[in-house]
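Please read the structure below before turning to the comments.
The values are calculated or read from the model by the stated rules, or taken from the named source; none is laboratory data. Since the structure is predicted, the reported quantities are computational estimates derived from the model, not experimental observations. No Cβ is skipped: glycine too gets one built from the backbone with ideal geometry, and neighbour counts run over all protein chains shown. Keep in mind that these areas ignore ligands, DNA and RNA; they rest on the heavy atoms of the full protein, side chains included. Shrake-Rupley method; radii C 1.70, N 1.55, O 1.52, S 1.80 Å.
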Amino acid sequence: MREKGCERIRAVKSWILGLFVICLITVGMRSFAAEASLTENPEHVFDYAGLFDENAGTDLEELAGQLEEEMEAAVLVLTVEESGGLSARETADSFYFDNGYDERYGEDGLVFLIDMDNREIYLGTYGDMIDVLTDRRIQAVLDEAYGYVSDGAYAEGAEAALLAAESWYKRGVPSNQYEYQEDTGKIIPHRSIRWYEAVFAVSVSALTAGSVCLGVVRQYKMRDGAGEGNVMSYQSSLNFRFGPGEDRLLHTAVTHVLIPRRPPGGGGRGGGHMGMGSRPGRSTTHSYGGHRAGGGGRKF
């Protein structure tokens, strides 16, 4: 009996040990599959130039995914070895729109590109990110990445660019932001109502309406049942009379002033985009296939 009991105990232990091993193998396979999905099936980082090692690519994929959720805008990192004759701007725009990434968040998004063919880093902005990342802010983002990329630390440069873009996103749209349409020359100011402006407007409107109503009530004595029996007694206070009138033109003057037309601000690096000499709140845009796009680049 004792031998049979020992055998049963050994069988139970073997079964538990086998189950434990199976669990470890399952967890390991899931972890491997998750890591493989980040590197082999990327959603945010597309390293076609082979500039990132496996760990760096995985870290960038995770960072871009986190920032995408935070900013509610597509966040993409792209590297290319051959551009096929396209400029860095055209490469970023075509990758973003032609692959349907503009449909993730209603066209809101950004692309940080390292173009090894044109030797240029480029930050493409789309949708609401155009208003947030003005021309000067784009140059500030490129400043953070430039030193790393120039030294061959491409993953660190991409990470620095994404973190800088996040920092500007947290600051929101600048109060003096406006859009300059490169294709048409139009200037479109950005206007957003802040909460204190809304409160002030409602308060002024309420006070104005209240004062008018109170003045009418006091003037015609229409409160507390005053004027009972003679509802139209307020007519007695009317002193308006029609009479002949005549308008005379006394003086006219015409002044001519020549307003000089200033050309748009000069472009920085990256296909005529903004340098640091542009106005602080300016966001330069262009059209790509009927879509609105912004951005700026820098050679390295």
Residue satisfying all of: in the stretch 78-124; of a type in the set (Phe, Trp, Tyr) and open to solvent by less than 10 Å² (accessible area, probe 1.4 Å); farthest from Ala161 (Cα to Cα) among these: Tyr96
So if I check each of Ile121, Ile130, which one is of a type in the set (Val, Ile, Thr) and more than 18 Å from the chain's Cα centre (by Cα)? Ile121
How many residues does the stretch 128-162 contain that are among the aromatic types (Phe, Trp, Tyr) and farther than 24 Å from Ser283 by Cβ? 2
